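Asker: A single structure is presented below for examination.
The values are calculated or read from the model by the stated rules, or taken from the named source; none is laboratory data. Owing to the predicted nature of the structure, the values given are computational and were not obtained by experimental measurement. Cβ atoms come from the backbone with ideal geometry, glycine included; neighbour counts cover every protein chain shown. Remember, those area values only see protein heavy atoms, side chains included, never the ligands or the DNA or RNA. Shrake-Rupley method; radii C 1.70, N 1.55, O 1.52, S 1.80 Å.
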Amino acid sequence: MGAGDLREVLRRLLAGELNEEEAEAELKRLLLEDLGGRARLDLGRSARRGLPEVVLAAGKSPADAARLTLTLAREQGQGLASRLSDEHWRVLEAASEGLELIRYSNAARLLRPGFVPPALGGRVALITAGSSDVPVADEARMLVEACGHEARVEFDVGVAGLHRLVAPLAGLMAWKADVVIVCAGMDGVLPGVVAGLVDVPVIGVPVATGYGAGGRGEAALLTMLQSCSTGLVLVNIDNGVGAGAAAVLIASRVAAGRRAAPARRSRRAAAR
């Protein structure tokens, strides 16, 4: 969005040609950056949805993926990218001099110096059935931390050794997680098990880990869809970004309710 565009919207607002709602809608429409006709970055997404844009590096050249991520970091304080290959990493690291680069397995956050997202106070727990599921869980963790929420992760607690789950899950519930993300490949049983034990939303993420028929995540997806644990919801195979985004929206609402609770109690006390 250029300075001339911004001034024009403000001029029309002051002249009475736009009301406040119309001016806000116009500004949101302008919050797109066209990068040489090859991509349009949605710079207004964070303000509009509480979620940052994430650059999907897969299918993009390393140079284009790095340029998009750098633009987001410079314009908004942080740029997020997922599905980075070794070559994507090499180019991004070379281009990110002067910026902080945080690695999440195959995903990354690129931060402008001094940038810290506002602490919103949400708590998101992440659980993986096995270590092969960690890259997908890391995509979700990237979203959670980029949006100012706290993330806690427990790895490798799948049903092949179900006793491994008990203590980590108890710890996450004692921490008072607002939502739980569970990533599992193979038979995909773990999200249903967790959903049957906790009283907060559980987001299942089927992971493309396994052997033979159904080994690309289809078996895990179908197991989660057929879970008898009510309240379990899920995203598509390997969609850590989608799971993280959903968890952020839930945690943001819960945290906002916690912040508002003291004021509500004070009003009720004053009314007595």
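Asker: How large is the helix-only mean residue ellipticity at 222 nm for the chain, computed as the sum of -39500 (n - 2.57) over DSSP H runs with n ≥ 4, divided by its residue count, in deg cm²/dmol to the nearest 500?
Answerer: -14500 deg cm²/dmol
Asker: Tell me, rounded to the nearest percent, the portion of alpha carbon pairs in the chain spaced more than 36 Å apart.
Answerer: Pairs farther apart than 36 Å: 25 percent.
Asker: Just round it to a whole percent: the fraction of Cα-Cα distances in the range 182-272 exceeding 20 Å.
Answerer: Value for the range 182-272 (Cα pairs over 20 Å): 47 percent.
Asker: Considering only protein heavy atoms and a 1.4 Å probe, what is the carbon-and-sulfur percentage of the accessible area of the range 71-204?
Answerer: So the carbon and sulfur contribution to the accessible surface is 53 percent.
Asker: Rounded to the nearest whole Å², what accessible area per residue is found for the chain with the 1.4 Å probe?
Answerer: 51
Asker: Dividing the alpha-carbon Rg of the range 103-167 by 2.2 N^0.38 Å yields what?
Answerer: Working: Rg = 13.8 Å, N = 65, 2.2 N^0.38 = 10.7 Å.
Relative to the 2.2 N^0.38 Å estimate, the range 103-167 comes out at 1.28.
Asker: Let me ask something else about it. Please state the shape class of the range 64-193: rounded when a/c is under 1.5, otherwise prolate if a/b exceeds b/c and oblate if not, all from the C-alpha gyration tensor.
Answerer: Judged from the Cα gyration tensor, the range 64-193 comes out oblate (a/c at least 1.5, b/c at or above a/b).
Asker: Compute for the range 45-130: radius of gyration divided by Kirkwood radius, i.e. Rg/Rh, restricted to C-alpha atoms, rounded to two decimals.
Answerer: Taking Rh as the inverse mean 1/r over Cα pairs, Rg/Rh reads 0.99.
Asker: Suppose R0 equals 25 Å; then what is the FRET efficiency for Ala94 and Val116 from their Cβ-Cβ distance, rounded to the nearest 0.05?
Answerer: Working from the Cβ atoms, E equals 0.50.
Asker: Something else now. Hey, any idea what Rg/Rh is for the range 137-219, computing Rh the Kirkwood way over Cα pairs?
Answerer: Values: Rg = 13.2 Å, Rh = 13.5 Å.
Result for the range 137-219 is an Rg/Rh of 0.97.
Asker: Please list the non-local residues whose amide H lies under 5 Å from the amide H of Leu56, H modeled 1.01 Å from N, same-chain partners needing a gap of 5 or more.
Answerer: HN-HN under 5 Å from Leu56: Ser82.
Asker: Name the residues of the range 181-204 whose amide N is less than 16 Å from a point 7 angstrom out from the Cα of Ala170 along the C-beta direction?
Answerer: Residues 197-198 fall inside that zone.
Asker: In square nanometres, what is one fourth of the surface area of the convex hull spanned by the alpha carbons of the range 163-209? Display every interim value, and only then the final one.
Answerer: Details: hull surface 12.9 nm².
That works out to 3.2 nm², a quarter of the Cα hull's surface.
Asker: Taking every DSSP beta bridge that has both residues in the chain, what percent is antiparallel when rounded to the nearest 5? Display every interim value, and only then the final one.
Answerer: On the way: 12 of 33 bridges.
Antiparallel: roughly 35 percent of the beta bridges in the chain.
Asker: Then there is this: Give the long-range amide H neighbours of Gly185: residues separated by 5 or more places, or on another chain, with amide H under 5 Å away, using H modelled in the peptide plane at 1.01 Å from N.
Answerer: Hits under the 5 Å cutoff: Ala129, Gly130, Val207.
Asker: Here's something else I'd like to know. Please return the longest range in the chain lying between exposed loop sites, taking chymotrypsin sites (Phe, Trp or Tyr not before Pro), DSSP loop only, at most 14 other beta-carbon atoms within 10 Å, and leaving the sites out.
Answerer: Longest run free of exposed loop sites: 1-114.
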